[in-house]
Amino acid sequence: MILRYTALLATLLPVTLAAQAPVRESTGFYQFLSDDPTQKPFYSDQPGVIAKNGMVASAHPAASRVGADILKAGGNAVDAAVAVQFALAVVHPSAGNLGGGGFLVLREKDGKSYSIDFREKAPGKGHADMYLDKDGNVVPGASTLGRLASGVPGSVDGMFEAHRKYGKLPWKQLLQPAIDLARNGVVQTEREARGLNAIKKDLLDLNPGTKYFIKPDGSEWNAGDLLVQKDLAGVLKRIQKKGRDGFYNGKTARKLVKDINYKGEGIISRQDLRDYHAQWRNTITEPYKNYKIITMPPPSSGGIALVQLLRATEPFPLRQWGWHSDSAIQVMIEAERRVYADRAKFLGDPDFVKVPAETLMSQSYLQKRWSDFAWDKATDSKNISGGVLPGYESLETTHFSIVDKDGNAVAVTTTLNGGYGSRVVIKGGGFFMNNEMDDFSIKPGTPNMYGLIGNKANAIAPGKRMLSSMTPTIIEKDGKLLMVVGTPGGSTIITSVYQTILNVLEHGMTMQQAVNALKFHHQWLPDLTTFEANAFSEKTIKNLQGKGYFLEQQRNTIGRMDCILVLPDGSLEGGSDPRGDDTSVGY
Ligand code: GLY
């Protein structure tokens, strides 16, 4: 095994790379090699959930239960996905949504794969400098807070399309659990209560005359409180009765457009809603070693970037070096740096810009990208490319993974962008609108609110979809389903999915261990590696800093993965992230 890698390195990589030495014999099992007490492998020791017939892993226990009930009632993975998406809009309002968008990747039991792009679009009146003042300066907050920040929502049409083509149970049945949750109320978890308390001022400022998500007595939310959402139940009921028209036409559409255009603040029109249609797209389906990676194409940057990352580090003996060994971390950081520079330069909505996907993912291109790598010194991000980084996403999004009893698998990542999106709740509708317009580069070449810069490929145009990092992914081995993976986390989505996949495929972790494993992130610019507490040992930190790497321990955690692994005996292991309320429910 080691010889094979060495030979491969010698043929593909510059001499300096091949010269990097020590590898350890693989035991075939995950080994945590560090004897340094300052480094830990896992965020928690939470075990995975094992079941024989079906599994739903999502950000909220109530939503996972809804999905598992649909599977038990004879629904397929798409039916369960539709029910979970609508349930999350009720129980996890910071990211689950009606007023946002997302991506769905489906692998049918026979191996055919499909994806639905239900990403939001810029309204018809959107234009490249809509967030700039008369002097061409960015108006602070305009693309993130309030009515102008929203793209035309895609989630309802995305679910409707998925069900139209692949649903087995009646649409009506799939909406009912969400309606019940909205009408009867949802018991707040500590985390959900904290989230609503944190946005109270924005809720009051941006939604005059309404008290959405404010406790009836005005006090703080606590764990155990019941959140009843009557207006949202009404919207869900209309969607249940009329399908996509229950949202994009009629009463809901009138309410949405009236609220968005309140005092002329927003620009979404009735026509924008009528015109919105989710797109079926060919999945990115690419080999990696003896696996097949099935993932999301543009306007997600995630799929291409994930394949690039896996292939860029494929020739290195990551397994033999050991999980989070100095060498493994260094090549992963350097791969991430180069791949995010490509993301910045080349990726955007494929309906508007030509994305050179095949070249970016080719081994020959990726190996050339290592030409300026040296083991003794960090590459300087400034020397990687003259390009600029496109829109950066905030950390709030949500992902769910589903496998049904026949082996159909669905991965969905869906978002309002920032936590609770634009913080505007549609009056009479009771749902949050997205602030996805900030995922465009609101002024090419100028840092956005996250201190990052964007370029023309991702500039705003009417009807264009903003670039995303969401990376819903399915992996097969020997023609059979192996894994369903995804996470929220803005630009960290791609690196978390990459690391979680490596944790299983290279380091032999269980699904839950791979989710629990501590993560790190580099995105080219800023030239900084962020890491979760204890992910790197002090020795590793010193070693990397000595080579010129900039490192910073994250105050927060990275990712909220919800994944499923098919075990050798065919049973399913759900791995849901202990960093959130995430829960796997199987049967
Ligand atoms: N707004 C998060 C993403 O699309 O990547």
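Results, tabulated for the structure shown:
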read-out	value
Global geometry of the stretch 432-587, whether rounded, prolate or oblate, following the gyration tensor of its Cα atoms and the 1.5 cut on a/c	oblate
Base-10 log of normalised Debye intensity for the stretch 83-210 (one unit scatterer per alpha-carbon) at q = 0.10 Å⁻¹	-0.47
Isotropically averaged projected area of the chain, using the convex hull of Cα atoms (one quarter of hull area), nm²	24.2
From phi via Karplus (6.51, -1.76, 1.60), per-residue ³J(HN,Hα) for the stretch 124-136 in Hz, x at Gly/Pro	x, 8, x, 8, 4, 10, 5, 10, 10, 7, 5, 8, x
Point-to-point label distance, Asp202-Asp380, nm (Cα→Cβ direction, 7 Å offset)	3.8
R0 of 25 Å, Cβ-Cβ distance Asp372-Phe352: FRET efficiency to nearest 0.05	0.20
Order of Ser64, Ser44 - criterion: other Cβ atoms within 10 Å of each residue's Cβ, fewest first	Ser44, Ser64
Computed log₁₀ I(q)/I(0) - Debye formula, equal Cα scatterers, no solvent, the stretch 81-157, q 0.12, 0.15, 0.18 Å⁻¹	-0.49, -0.68, -0.85
C-alpha long axis of helix 230-242 to longest principal axis of the chain, angle in °	90
Karplus 3J(HN,Hα) series, Hz, for the stretch 143-156 with 6.51 cos²θ - 1.76 cosθ + 1.60 (x for Gly, Pro)	8, 10, 10, x, 6, 7, 7, 8, x, 6, x, x, 4, 5
Distant-in-sequence amide H partners of Val186 (H built 1.01 Å from N, under 5 Å)	Leu227, Val228
Karplus-derived 3J(HN,Hα), 6.51/-1.76/1.60, for each residue of the stretch 375-382, Hz, glycine and proline x	5, 8, 8, 4, 5, 8, 4, 5
Set of lysines near Lys443 by C-alpha distance (under 22 Å), chain-local residues within fewer than 8 positions excluded	Lys121, Lys125, Lys134, Lys345, Lys354, Lys382, Lys456, Lys464
Residues Ile199, Ile293, sorted so that the one with the fewest Cβ neighbours within 10 Å comes first	Ile199, Ile293
Cα gyration tensor, the stretch 475-566 - rounded (a/c under 1.5), prolate or oblate	prolate
Percent RCO, i.e. relative contact order, over the chain, from Cα pairs under 8 Å lying at least 6 residues apart	26
Cα-centre dipole for the stretch 293-436 with unit charges at Cβ (Lys and Arg positive, Asp and Glu negative), debye to 20	180
The stretch 75-122-the stretch 340-377 distance, computed between alpha-carbon centres (Å)	29
For the stretch 211-251, the spread of Cα positions along each principal axis, largest first, Å	37, 18, 11
Simple Cβ-charge dipole of the chain, Lys/Arg +1 and Asp/Glu -1, about Cα centre, in debye nearest 20	1560
Sorted by Cβ neighbour density within 10 Å, fewest at the top, the residues His60, His163, His507	His163, His507, His60
Gyration tensor (alpha-carbon) shape descriptor, the stretch 138-199, a/c threshold 1.5	oblate
Degrees between helix 171-184 axis and first principal axis of the chain (Cα, 0 to 90, nearest 10)	80
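Quick note: the coordinates plus some simple rules give every number you see, no bench work behind them. Quick caveat: nothing in here was measured; it's all calculated off a predicted structure. Ideal geometry is used to build each Cβ from the backbone, glycine not excepted, and the neighbour counts take in all protein chains shown.
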